[in-house]
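These notes are about the structure you will find just below.
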């Protein structure tokens, strides 16, 4: 016997499920539309942005290129645009760059370079390193345009054929400049040259801070006919500044060279070369600067008796006005040379600037410290020199300088300590006894000592004071 089951229909539940399915369908459609719209906008952006970038490149190049250079150095550099062709995805440009160091003779020491640029517009950039994202990527081809440097390079029996120079501008407006020079291995019956290549980079950031790096591989050269040889094991130079356009901004630079050696006629080998420079604001005042420089050579092998050197120099509490006037003097000298103006008028203006510079130096306080340690004649020697200039703030004319006021404003301390045994092995050995008898130096525990100072109008040598007014 067939048994029927009772089936019930719930209309409310059915409507709810139907509404849920409809809602899910609408959500999927919205998601697809959003993804599709986003994809379409991305395609439009990728297509349009290159043209926008191309429009602003020329103006940015003309107005911002010199902004990377400190104002004090701009008279030494001239940038001229010869051609700029802007397309949708690519542009090309041609610039002339003329650099004349301070004091250069026009037409002789200046360097003129013609720079050709092939520019890609972002955001998608194809570089030798692969696909990258950014605003601009440019390959740069430099060419010397006349001058003695080009003539000298043209006489070389080899060429620097593989030079890669490029520039990248990121979305954050950072600028990265890269340089690579391929290695050279050249030899003939006259000699040989081995060059392991050079790489460098310069990066400037949106806040105007910047870093620079240069790395040089091994460099070895020899001329067989004269038996002259030279070898440099490598070189590394790094520097950084917090404000690229301000020469007084905190900055530092470090140069290291593992070793340098040379053969005849003057054979030598120098190992562990370090040069460091730091510029910082002084804690003594907001308009003052401290400069510290350090030079070290860990080992010297030559016919001279010097075997190592360490020198630390500090110039503290430099008035920024003094440095600014110094750069102004250099800039004006360069401008006079470049313009070829009347020599008498130019010299008069430079002399006036020089006198103003000396006046600022005399008016303001300055502290100068030096410490030198050397190894010579198989002994260690040290020299400490400290000079403190209190300044003459009331001096308003350099011609009114009073020598006694200058002496009273000066404090000098000198401490010399030489190894006695090393001195006795040197040509100065015969001077030790006479100087001891005259109390210019004294001997203590195997050391030759000299302590001197100039302070409070007196000169003191090893404890004996002499009034300075007796010497003038």
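We did not get these values from a lab; they are worked out from the coordinates using the rules stated. Given the structure is predicted, the values throughout are model-derived calculations rather than measurements. Here Cβ is always computed from backbone atoms with ideal geometry, including for glycine, and neighbour counts include all displayed protein chains.
Structure data summary
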| quantity | calculated |
| --- | --- |
| Label-point separation, residue 466 to residue 399 (7 Å along Cα→Cβ), nm | 3.4 nm |
| Chain lengthening between residue 77 and residue 382 when straightened (0.36 nm per residue, less Cα-Cα) | 105.5 nm |
| Packing-based exposure ordering (other Cβ within 10 Å, fewest first) of 296, 430 | 430, 296 |
| Ascending count of other beta-carbon atoms within 10 Å, so fewest first, for 433, 246 | 433, 246 |
| Projected label distance in nm at residue 410 and residue 271, using a 7 Å step from Cα toward the beta-carbon | 4.3 nm |
| Mean Cβ neighbour count within 10 Å, used as a protection proxy, ranking 208-220, 283-295 highest first | 208-220, 283-295 |
